[in-house]
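The values are calculated or read from the model by the stated rules, or taken from the named source; none is laboratory data. Predicted model, so just to flag it, every value in this text is computed and none were measured. Note that each Cβ is placed from the backbone with ideal geometry, even for glycine, and that neighbours are counted across all protein chains shown.
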Amino acid sequence: MKKIAAFLLALSLIFTAAGCSSSPAASGSSGAAAPKEKTDLVFADVGWDSIKFHNAVAGLIAEKVFGYTWTETPASTPISHEALMKGEIDVHMETWTDNLPDYAGDLAAGKLTELGVNFDDNIQGFYIPRYVADENPGLKSVADLKDYAHLFPDPDSPGKARIFGGIPGWSITEIMEKKVQYYGLDSQYNYVIPGSDAAMNATIISAWDKKEPVVFYYWEPTWLMGLYDFVLLEDAPYDAAAYFEGKTACPSVRVNVCVSNDFAASNPEFCEFLSKYHTSSALTSEGLAYLQQNAGSTYRDAAAWFLKEGHPELVDQFLTSEQASRLREAL
Amino acid sequence: MEWLFNFPFVMKPDLNAIDSAVRGFALWASPVLDGISGGLTALVNGIGWLLAHIPWFLLIGAVFFLGWKSRKSIRSGILYAALLALIGVVGYWNAMITTLAIVMAGVMISLLIGLPVGILLSTSRRLNNFARPVLDTMQTMPVFVYLIPALLFFGLGSPSAVIATVIYAVVPVIRLTSLGIRQVDREVVEAAASFGSTRMQALFKVQIPQALPTIMTGVNQTLMMAMAMVVTCSMIGARGLGVEVLNAVNRIEMGRGIISGASVVILAVILDRVTQGWFGKEEK
């Protein structure tokens, strides 16, 4: 009897504590006429290092100019998109608009706020290592792959080759699969989906270390492309309609900065800065290269270097003159 | 007052050195690792080929027969056969065969390693104490920490999936075999000794038969843990039901997730019930 009573008492204490601790935060966001400015920002972290770099740059400005604190929430691409629309994530620095099949619909329905283009000069496609390209000068385009199936054997199905695609959940994964079928490669190649970013990177690095031939889908800017020498296989010129059937090269994807509707309403000044946040693939790669070359540096260090020494002109582009001088003092 | 709440001494280990060491090892040991990888792939492909070449009605019939015999009731047999047929009806038959091949390969290797190690551990308390932290690590180390080196060593797909499954699933059979043998009544062992049996004879003819219910529980748990690794294996390129679940999760397709998840559950339950009934100890 005593044990039951003690247990019930403990349970009720836990629930009371949970209720008290969550109520101020929960009740604040509903129905306020002028939404309170958020000072603790939540950025999306979909796992790529380029987004972590951009989070660090925007976060550094958030801290030094606006006096905010910020955190990153790890989530996969579709899940961070859902969280952004719900308002659980405030800022998504790299919305790869083509990888989210519902993006256009959601934007039209007003479920999120698109502030501007982060960069739109990235490249995607099938890559081969430089040593394979050097040894096989005839292998220049995706169509050529049908003559080189013997280079890429699939240990899981003897007699066939394998070509690695994207991660489950990305639209590009299906488009690349259609591309393999369109060029008639599916009779010789198995389209293998690695299952996760980590598995894909590990497979590519392992092949590079052993100097084995490998053909795989990848994109730039990434640390992998910056560190190793891979060659993009050419394809037919881009055409909007044919692209979705896999018949042409991939267009540069518009990578946007998006915020949740709640955040757009509560932090208009910060959103103005974000709408001026334009970089490029080359600039992002520079930031990532800094990280690779300076062992032990963090994304914060790279962001600080980027704004202070790498590209100080961007500070004037992103911020008003008063904000810019505040940032320069802090750095 | 900050010093009270911030840990005072931080010294980060040299992570780059660890990375280069692992990658260097992958390169240096490449012949051996490729051999292991090839062997595992052949094993999984062989089992897969065998299962794929059994006509579907024979497989369902086999499940019916095993279910009937192990649970001693025709209704169980019919139920399990119907559930298995359901997996086929939702279109996951081939995926199920692929998953079954990987799971069976993993369980076979786990038992081949686990049973002897369990028997070995039962003989000495000191060995047991040494092994316990190792077994704990194998079960609690976050899976991707040893999966990424496994990918570097053995490549994407079935070999790494089998290795991951073995590392996770071999622990129950080791623990329970060792436990079962050590828990056999000392008086029974003494009686055997008094009749003139050697230690090995006592082990194989007295202790192991007495410990069989516990050992079979270990085998059953190993099977269950191997099934639990199915989705993780799909993240490192193994094909089968896990890929369906992964796709569903990544695309937020809840219907697909529920159906593919249910197929995994059905497969696990059938394997569980069928292997449990074999040696008499039943869990209701």
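Return a yes/no flag: does the stretch A:294-310 have any residue that is farther than 18 Å from A:TRP70 by Cβ, of a type in the set (A, V, I, L, M, F, W, C) and loosely packed, with under 15 Cβ neighbours inside 10 Å. Yes, some residue in the stretch A:294-310 is farther than 18 Å from A:TRP70 by Cβ, of a type in the set (A, V, I, L, M, F, W, C) and loosely packed, with under 15 Cβ neighbours inside 10 Å.
Among the residues of the stretch A:182-198, is there at least one that is under 16 Å from A:LYS247 (Cα atoms), more than 10 Å from every other protein chain (Cβ to nearest Cβ), part of a helix (DSSP H, G or I) and in contact (Cβ under 8 Å) with a residue 24 or more places away in the chain? The answer is yes; a qualifying residue exists. Considered as a group, the residues in the stretch A:273-313 that are modelled with pLDDT under 85 and of a type in the set (A, V, I, L, M, F, W, C) include one that is farthest from the chain's Cα centre (by Cα), and that residue is A:ALA295.
Against the list (1) in a strand (DSSP E or B); (2) buried (at least 17 other Cβ atoms within 10 Å of the Cβ), the condition A:GLY116 fails is (2).
Any residue that is assigned to a helix (DSSP H, G or I), at pLDDT below 90, under 28 Å from B:GLN276 (Cα atoms) and within 12 Å of chain A (Cβ to nearest Cβ) - is there at least one of those in the stretch B:131-151? Yes; the residues of the stretch B:131-151 include at least one that is assigned to a helix (DSSP H, G or I), at pLDDT below 90, under 28 Å from B:GLN276 (Cα atoms) and within 12 Å of chain A (Cβ to nearest Cβ). Here A:TRP219 meets the list (1) closer than 15 Å to A:MET200 by Cβ; (2) among the hydrophobic types (A, V, I, L, M, F, W, C); (3) part of a loop (DSSP other than H, G, I, E, B) almost entirely, failing just condition (3). Counting the residues of the stretch B:226-265 that are away from chain A (no Cβ under 14 Å), surrounded by 20 or more Cβ atoms within 10 Å (Cβ to Cβ) and either within 12 Å of the chain's Cα centre (by Cα) or among the β-branched types (Val, Ile, Thr) (or both) gives 3.
Please enumerate the residues belonging to the stretch A:208-226 that are more than 9 Å from chain B (Cβ to nearest Cβ) and of a type outside the set (Phe, Trp, Tyr). A:LYS211, A:GLU212, A:PRO213, A:VAL214, A:VAL215, A:GLU220, A:PRO221, A:THR222, A:LEU224, A:MET225, A:GLY226 - these are the residues of the stretch A:208-226 that are more than 9 Å from chain B (Cβ to nearest Cβ) and of a type outside the set (Phe, Trp, Tyr).
Among the residues making up the stretch B:89-101, those that are more than 14 Å from B:LEU271 (Cα to Cα) and in contact (Cβ under 8 Å) with a residue 24 or more places away in the chain are B:VAL90, B:TYR92, B:TRP93, B:ASN94, B:ALA95, B:THR98. Exactly one residue among A:GLY47, A:GLY31 is at pLDDT below 90, closer than 24 Å to A:SER285 by Cβ and not in a helix (DSSP H, G or I), and that residue is A:GLY47. One residue stands out among those in the stretch A:208-248 that are among the aliphatic types (A, V, I, L, M) and touching a helix residue (DSSP H, G or I) at 6+ places or on another chain (Cβ under 8 Å): the one that is surrounded by the most Cβ atoms within 10 Å (Cβ to Cβ), which is A:VAL215. Those residues that are in a helix (DSSP H, G or I) and of a type in the set (D, E, K, R), I need them from the stretch B:245-275; list them, please. Scanning the stretch B:245-275 gives B:ARG256, B:ASP272, B:ARG273. Restricting attention to the stretch A:137-181, the residues that are away from every other protein chain (no Cβ under 14 Å), of a type outside the set (Gly, Ala, Ser) and surrounded by 19 or more Cβ atoms within 10 Å (Cβ to Cβ) total 7.
Taking first residues from the stretch A:89-109 that are free of Cβ contacts under 8 Å to residues at least 24 places away in the same chain and partners that are part of a helix (DSSP H, G or I), the Cβ contacts under 9 Å between residues at least 6 apart in sequence or on separate chains come to A:ASP102/A:PRO78; A:ASP102/A:HIS81; A:TYR103/A:HIS81; A:TYR103/A:THR97; A:ALA104/A:THR97; A:LEU107/A:THR97.
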